[in-house]
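The structure appears below as structure tokens.
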Amino acid sequence: MEHLDVLENRLKICGFDVAELAEKYGTPLYIYNLDRIVENYELLKSSFENEGINVKIHYAMKANSNPEILKELRKLESCLDCVSPNEVKLAIKCGFKSKDILFTGTSVSDEDLKILTEEEILINVDSLSQIKRLAKINPKRKEISIRINPQIGAGIHEHTITAGKYVKFGIPEENVIEAAKLANGFGFKIKGIHEHIGSGWLGNDVKNFLTTANKLIEIYKKISSFLGYELEFIDFGGGPGIPYRENDEEFPIKQYSAGISEIVRKEDINADVFIEPGRFIVGDAGILVCKINTVEDKYVPIIGVDAGFNCLIRPAFYGAYHRIILCENVESKNTKDYLIAGNLCESGDVFNENREILRKLPIAEEGQHIALLDAGAYGFTMASNYNLRTKPAEIIIKERNIKLVRRKENLEDMLTTLEEKL
Ligand code: LLP
């Protein structure tokens with residue numbers, strides 16, 4: 001379990017007992033291991049360095065925008081991929097400079113474009129409409145980059161595939177020259193070209209990704225020759241997956257970095273190489289801990305916990321698999337197959353990847369805790385207040401120091417936007 005350990009049959013994170021942390025800080029509780037995040041970042045960075053490429057990592061903060069994580073990545077000189085003005089504003093509060101941020105939004109409003117222009121953020125446009133509206137809003141018409149849809153997508157679930165015909169993102173590859181002409185006509189300098197084909201790919205999908213990377217280079221050459229100057233960067237987006245299941249393979253990091261490097265070198269490209277990983281950096285560094293409220297055999301054995309899909313939506317929304325560990329009794333051979341149910345009023349509110357696929361766990365008792373592993377990416381950032389349930393607290397562990405970064409919400413927090421106090 002990588003950075004997690006089992007000692008005397010109890011789950012530990014960075015040497016701390018997970019159930020004790022849960023009792024101390026309250027549940028549901030997200031725990032992040034910051035050292036692991038740094039390791040993941042450096043692993044990726046160095047795999048490109050080994051290929052002779054100084055890749056610029058734009059961490060996709062939609063995966064996890066906890067300020068302590070952002071500040072730590074800032075220290076490592078990470079740049080950012082942002083998708084909303086509020087992400088940009090938080091990034092700036094955490095010390096990022098405008099020049100280190102690339103904004104890749106979709107269905108972007110004029111109001112969004114105004115804010116981004118004021119903050120001097122480079123906008124990666126994904127429609128001709130955005131180019132036209134930006135030209136009106138930003139009369140100085142400085143710089144943009146262009147997101148293309150290279151038709152081939154990849155991802156862990158159909159909702160996370162972001163290229164192809166029935167996908168809203170990016171400018172279709174056949175319209176890219178038209179987009180470049182339009183932008184050029186308005187006087188924009190086109191700084192770069194971008195793709196993000198989808199999220200959470202492993203194995204064979206890396207080949208699909210490399211096919212699109214080749215396409216991106218072809219488009220880069222076409223646009224550069226049309227404009228008469230070389231673009232400054234090529235952004236291959238994010239997407240590297242992590243092994244969620246016990247027998248999933250690791251992400252083939254060498255194949256990925258060597259593949260990109262080879263394509264860039266073959267074509268003698270001088271542009272900077274950008275990537276935008278989110279999940280790969282934070283995914284395996286976080287766990288969600290919940291307390292067991294109920295253990296009961298109904299038609300099937302059910303464990304009821306004090307969190308629901310308002311805390312971690314991935315299983316309910318994507319049928320995503322997360323390993324589940326009984327914190328106080330990790331390794332017992334005395335097991336049972338359970339439905340791990342949340343506390344929301346929906347039948348789909350379970351942490352099994354499918355309600356009909358029960359999860360084998362050691363015999364559980366009320367008052368014990370479970371940990372959902374690999375919950376560092378798209379966990380808290382997708383949390384909600386459904387059923388007026390509060391969002392979890394978040395703690396960070398760094399070099400064996402624990403910091404409570406965000407306390408658990410309460411009802412008052414949820415009512416702050418009401419015009420009239422109750
Ligand atoms: N760049 C862009 C433009 C993106 O839209 C995304 C993710 C990324 C980078 C980072 O992708 P990553 O390296 O994390 O795969 N909620 C889903 C994932 C949605 C990803 C959305 N865009 C999940 O929980 O699996």
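The values are calculated or read from the model by the stated rules, or taken from the named source; none is laboratory data. Nothing here was measured: the structure is a model prediction, and the numbers come from that model. Cβ coordinates were reconstructed from backbone atoms using ideal geometry, including for glycine residues, and neighbour counts include every protein chain displayed. SASA here: full protein model, heavy atoms, side chains in, ligands and nucleic acids out. Shrake-Rupley method; radii C 1.70, N 1.55, O 1.52, S 1.80 Å.
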Restricting segment 320-343 to residues that are open to solvent by 40 Å² or more (accessible area, probe 1.4 Å) and not in a loop (DSSP other than H, G, I, E, B), the residue that is farthest from N354 (Cα to Cα): T335
Qualifying positions in segment 222-238 - open to solvent by 10 Å² or more (accessible area, probe 1.4 Å) and either among the aliphatic types (A, V, I, L, M) or part of a loop (DSSP other than H, G, I, E, B) (or both): L227, G228, Y229, E230, E232
Given (1) buried (at least 21 other Cβ atoms within 10 Å of the Cβ); (2) not in a loop (DSSP other than H, G, I, E, B), index of the condition L361 fails: (1)
Selection within segment 63-82 - of a type outside the set (K, R) and surrounded by fewer than 18 Cβ atoms within 10 Å (Cβ to Cβ): P67, L76, E77
Every residue from segment 344-357 that is surrounded by fewer than 19 Cβ atoms within 10 Å (Cβ to Cβ), of a type outside the set (D, E, K, R) and closer than 20 Å to D248 by Cβ: N354, I357
Residue within segment 172-183 that is under 20 Å from Y59 (Cβ atoms) and either of a type in the set (G, A, S) or touching a residue at least 24 places away in the same chain (Cβ under 8 Å) (or both) present: no
Condition check for S107: open to solvent by 30 Å² or more (accessible area, probe 1.4 Å) and either closer than 17 Å to A63 by Cα or among the basic types (K, R) (or both): no
Residues within segment 293-310 that are under 22 Å from Y386 (Cα atoms) and either hydroxyl-bearing (S, T, Y) or out of contact with any Phe, Trp or Tyr (no Cβ under 9 Å at 6 or more places or on another chain) (or both), tallied: 4
So E42, is it surrounded by fewer than 19 Cβ atoms within 10 Å (Cβ to Cβ) and either at pLDDT below 95 or more than 18 Å from D374 (Cα to Cα) (or both): yes
Number of positions in segment 282-319 that are within 15 Å of the ligand (Cβ to nearest atom) and either in a helix (DSSP H, G or I) or open to solvent by less than 10 Å² (accessible area, probe 1.4 Å) (or both): 14
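Keeping to segment 364-388, report how many residues are within 28 Å of the chain's Cα centre (by Cα) and either more than 16 Å from the ligand (Cβ to nearest atom) or in a strand (DSSP E or B) (or both).
Start the filter on segment 364-388 by keeping residues that are within 28 Å of the chain's Cα centre (by Cα), which leaves 369-388.
If we keep only those that are either more than 16 Å from the ligand (Cβ to nearest atom) or in a strand (DSSP E or B) (or both) as well, we get 369-372, 385-388.
Result for segment 364-388: 8.
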Top-ranked residue of segment 239-281 - restricted to ones that are of a type in the set (K, R) and within 15 Å of the ligand (Cβ to nearest atom), ranked as surrounded by the most Cβ atoms within 10 Å (Cβ to Cβ): R279
The listed residue being touching a Gly at 6+ places or on another chain (Cβ under 8 Å) and either open to solvent by 50 Å² or more (accessible area, probe 1.4 Å) or at pLDDT below 95 (or both), out of F169, F209, F186: F209
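Condition test on I152, is it assigned by TED's automatic domain parsing to the domain that holds T211, surrounded by fewer than 23 Cβ atoms within 10 Å (Cβ to Cβ) and farther than 28 Å from D205 by Cβ?
For I152, the condition - assigned by TED's automatic domain parsing to the domain that holds T211, surrounded by fewer than 23 Cβ atoms within 10 Å (Cβ to Cβ) and farther than 28 Å from D205 by Cβ - is not met.
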Matching residues, segment 155-166, being surrounded by fewer than 16 Cβ atoms within 10 Å (Cβ to Cβ) and either more than 10 Å from the ligand (Cβ to nearest atom) or at pLDDT 85 or above (or both): E158, H159, K165, Y166
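Can you work out which of the residues in segment 280-313 that are acidic (D, E) and touching a residue at least 24 places away in the same chain (Cβ under 8 Å) is farthest from P362 (Cα to Cα)? Walk me through it before giving the result.
So the first thing to find is which residues in segment 280-313 are acidic (D, E), and the list is 284, 296-297, 306.
Next, from what is left, pick out any that are touching a residue at least 24 places away in the same chain (Cβ under 8 Å): 284, 306.
Details: D284: 23, D306: 19 Å.
Here the residue is D284.
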